[in-house]
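What follows is a set of notes on a single structure, which appears directly below.
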Amino acid sequence: MTQFALLPPRHQLVEILTRIYEQGLTTTSGGNLSIHDEDGNLWITPASIDKGALVPEDIVCIHPDGTVEGRHRPSSEYPFHRMIYAARPDLRALVHAHPPALVSFSIVRKLPDTRINPQSRDICGEVGYAPYALPGSEALGEQIAAAFASGPKAVLLENHGIVTGGVDLLDAFQRFETLEYCAQINIRAAAFGDYHNLNDDQIALFHKNPGGELPEFSSSARSSRERELRLEICRFVHRAYERRLMISTGGTVSARVNDNTFLITPYGADRKYLESDDIVLIQNGQREAGKIPSRAIRMHQHIYAEHPHINCIMTAQPPHATTYSIVKRHFDTRLIPESYILLREMPLTPYGLQFQQPERISALLTRDTPVILLQNDSVLATGDTILQAFDRMEVAEFSAQALLQTLNLGELVPITDEEIDNLKRKFAL
Ligand SMILES: [Zn+2]
């Protein structure tokens, strides 16, 4: 996190554009990013350069007096960047691209529903809308700047794509990635017709952050086990990000160090840049000084206190499995033996329990129920090890993807009760 903030603008732009390209959220020709720095310089990606092979020297800088520095021309969309910054001095960076799910919304001329989970709503807010205009034209810039002028931090461009803004480039990128993720879930949920979304009171529950209320303690020397677990948590969070089980703004991992001590990922850090020292040690109900744990901390505390066999907890929002947390359709885990063996029955709990009554979620977890779906939130997977919890998360996502793909193919024929009993005997479930 801090490492990224220290990078100069041209390096930040290359890092984030490469990240967007590698995640399949832009083509080589579409999309452009900019930063408006404290001296009034506008740093922007160049026109017609391969997004898969961009280097910092390719970035163009436009000074406040209009002089252009760089070996390329600035992006042809430069006019709208300039006009948005003029309309919104609070925005210091912009991300524009044509990611597939948001383009789907832009071509049917609808806005994605960000109330599907509290994180998406919190990060994306209300999305603005700009009518179609010719790319690169002053008219397009005026339409987009006018949409931003009323306050949103993201504007959908009709028959074109999306622009997100932020207080810095990471903030703008996280909003972009989260909104595209939200659009993907909207599209999957639409296949079922009706789905649950959240009202303001429900979203407000998420804004309480009990992690910051825990008393602090100064940690002494770190044991070998603690240091190993810190590294392992980081490795699995990075892997979950690369496997699209997490996005930059969502997902928590914790692991037990001993009876009354566990490690948990911090509140708010970008999952791709998570480092060992960012992880928060929780000991006897106190947090490591100077660090804020995930806001799911109370739920993790209950689970570790009440279930000695659980050594790791992972919550994440993989896009297919999370769709089942909002649609009114049961996630039937009896599709293939692997699904049932790892996930078992996988109950759905009502929204808000993780904030208001975390002990009720803990009470549901038994040896027969290692995975729970939290309504309008996430998948919660537990395990004896981090690998086991990760495995369950991956199987939940693959199973949900397979199930969603049957919608236009035919009805699921689940494994019979008799065969389920045979699985239980053979695998000692
Ligand atoms: Zn464009």
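Run the helix sum for the chain: -39,500 (n - 2.57) per DSSP H stretch of 4+ residues, divided by residue count, reported at 222 nm to the nearest 500 deg cm²/dmol. Mind dumping the intermediate values first?
Numbers: 16 runs with 168 residues, N = 429.
Rounded to the nearest 500, it is -11500 deg cm²/dmol.
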Original post:
Of 408, 43, 7, whose Cα points farthest to the positive end of the dipole of the chain (charges on the beta-carbon: +1 Lys, Arg; -1 Asp, Glu; origin at the Cα centre)?
Top reply: 408
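Tally the DSSP beta bridges in the stretch 12-153 and give the antiparallel ones as a percent, rounded to 5.
Just about 100 percent of them are antiparallel.
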Subject >> Under 29 Å from the Cα of residue 328 - lysines, other chains or at least 8 residues apart >> reply: 110, 208, 424
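Can you tell me the dipole magnitude for the chain around its Cα centre, using point charges on the Cβ only (Lys, Arg +1; Asp, Glu -1), in Debye to the nearest 20?
Numbers: 41 positive and 53 negative charges, 101 e Å.
The calculation lands at about 480 debye.
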Subject >> Reach of residue 272 by Cα under 16 Å, taken over aspartates and glutamates that are not fewer than 8 positions away in the same chain >> reply: 15, 22, 171, 177, 232, 242
**OP:** At q = 0.09, 0.15, 0.16, 0.17 Å⁻¹, what is the base-10 log of I(q)/I(0) for the stretch 2-190 according to the Debye formula with one equal point scatterer per Cα and no solvent? Please give it to two decimals.
**Re:** -0.28, -0.82, -0.94, -1.07
**OP:** Express in whole angstrom the spacing between the alpha-carbon centres of the stretch 305-329 and the stretch 7-32.
**Re:** 31 Å
Original post:
Expressed as a fraction of 2.2 N^0.38 Å, the rule-of-thumb size for a compact globular protein of N residues, what is the C-alpha radius of gyration of the stretch 203-426?
Top reply: 1.02
**OP:** Determine the distance separating the Cα centre of the stretch 111-132 from the Cα centre of the stretch 177-209; give it in Å without decimals.
**Re:** 9 Å
Subject >> Relative packing of 350-362, 288-300, which averages over residues the other C-beta atoms within 10 Å, highest first >> reply: 288-300, 350-362
Original post:
With charges set only on the Cβ (+1 for Lys and Arg, -1 for Asp and Glu), what does the dipole of the stretch 2-190 come to about its Cα centre, in debye to the nearest 20?
Top reply: 580 debye
Original post:
Out of residues 5 or more away from residue 287 or on other chains, whose amide H comes under 5 Å of its own, with H placed 1.01 Å from N in the peptide plane?
Top reply: 216, 217
Original post:
When the Cα centres of the stretch 355-419 and the stretch 281-301 are compared, how far apart do they sit, in Å?
Top reply: 25 Å
**OP:** Once every Cα of the chain carries one equal point scatterer and solvent is ignored, give the base-10 log of I(q)/I(0) from the Debye formula at q = 0.08 Å⁻¹, two decimals.
**Re:** -0.48
**OP:** Using a 10 Å cut-off on Cβ atoms, rank the peptides 314-321, 123-130, 145-152, 404-411 from the highest mean neighbour count down.
**Re:** 314-321, 123-130, 145-152, 404-411
Original post:
Highest mean first, what order results for 212-225, 62-75, 172-185 on Cβ atoms within 10 Å?
Top reply: 172-185, 62-75, 212-225
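The stretch 262-368: Rg/Rh from Cα coordinates, Kirkwood Rh? The partial results should precede the final answer.
On the way: Rg = 15.6 Å, Rh = 15.8 Å.
Reported Rg/Rh, Kirkwood definition of Rh: 0.99.
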Original post:
Residue-wise, which Karplus ³J(HN,Hα) couplings in Hz belong to the stretch 40-45, taking 6.51 cos²θ - 1.76 cosθ + 1.60, θ = phi - 60°, and x for glycine or proline?
Top reply: x, 6, 10, 9, 9, 5
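Every read-out reported here was derived from the displayed coordinates using simple, explicitly stated rules and does not represent laboratory data. Bear in mind the structure is a predicted one, so any value in this text is a computation, not a measurement. Heads up, the Cβs are rebuilt from the backbone with ideal geometry, glycines too, and the neighbour counts pull from every protein chain shown.
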